[in-house]
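S.K.: For reference, the structure I am asking about is given below.
The values are calculated or read from the model by the stated rules, or taken from the named source; none is laboratory data. The structure displayed is predicted, hence computed values, not measured ones. All Cβ positions, glycine included, derive from the backbone under ideal geometry; neighbour counts span all protein chains shown.
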Amino acid sequence: MTMNPTKLTLAALAASFSLSVAVSAQDAAPATTPLPPASTKTGLTYATDIKPIFDANCVKCHSGDKPKAHLNFETLAGILKGNKWGPPLKVGDGANSLLVKAAAHQMKDKDGWMPPMPNKAGAKTLTPEQIGLVIAWINQGAK
């Protein structure tokens, strides 16, 4: 049985359109990349290992009398205090901490990505290595 060339062309166009729509919808969906693994470095402390990362990328907005989201990252006490919703981390569970999910851009709502991109402070997205250090620090007790 031979298919009419016009019907064959229409079928090919329909298939092409369906594939195009599927690819476009996939491209529009937010990409979820897996979290980087926790660093294997032990004995991590806020003062030595984490504060330099936060000072370079978070403190510009999360400090002072009116820190963004009422989260102050200037001190360990400020981070552990959190805001009216609680601290942005779950001590002992870095991978499920809001702080890590926001820094790793794992939030469904891009408004929750930290730092937001672009931003006026010039803060840069944390590298996978930095996120791995933060995860390990939280896993080790966030001290």
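S.K.: In the range 116-132, which residues are touching a Ser or Thr at 6+ places or on another chain (Cβ under 8 Å), surrounded by fewer than 21 Cβ atoms within 10 Å (Cβ to Cβ) and either of a type in the set (K, R) or at pLDDT 95 or above (or both)?
M.R.: The answer is E129, and nothing else.
S.K.: Additional query: Give the residues of the range 39-85 that are among the aliphatic types (A, V, I, L, M) and over 19 Å from the mean Cα position of the chain (by Cα), sorted by residue number.
M.R.: L44, A47, L76, A77, L80
S.K.: For the range 107-135, name all the residues that are within 11 Å of P36 (Cβ to Cβ) and either touching a residue at least 60 places away in the same chain (Cβ under 8 Å) or aliphatic (A, V, I, L, M) (or both).
M.R.: L126, P128, E129, Q130, I131, G132, L133, V134, I135
S.K.: Pick out the one residue from K41, K68 that is closer than 21 Å to M107 by Cα, among the basic types (K, R) and out of contact with any Gly (no Cβ under 8 Å at 6 or more places or on another chain).
M.R.: It is K68.
S.K.: Here's a follow-up. So, of the residues in the range 22-58 that are modelled with pLDDT of 90 or more and aliphatic (A, V, I, L, M), which turns out to be surrounded by the most Cβ atoms within 10 Å (Cβ to Cβ)?
M.R.: Here the answer is I50.
S.K.: Restricting attention to the range 86-133, report how many residues are more than 12 Å from the chain's Cα centre (by Cα), hydrophobic (A, V, I, L, M, F, W, C) and assigned to a helix (DSSP H, G or I).
M.R.: 1
S.K.: Considering every residue within the range 71-85, establish whether at least one is surrounded by 18 or more Cβ atoms within 10 Å (Cβ to Cβ) and in contact with a Cys (Cβ under 8 Å, 6 or more places away or on another chain).
M.R.: yes
S.K.: When you scan the range 73-94, do you find a residue that is at positive phi, at pLDDT below 95 and out of contact with any Asp or Glu (no Cβ under 8 Å at 6 or more places or on another chain), even just one?
M.R.: yes
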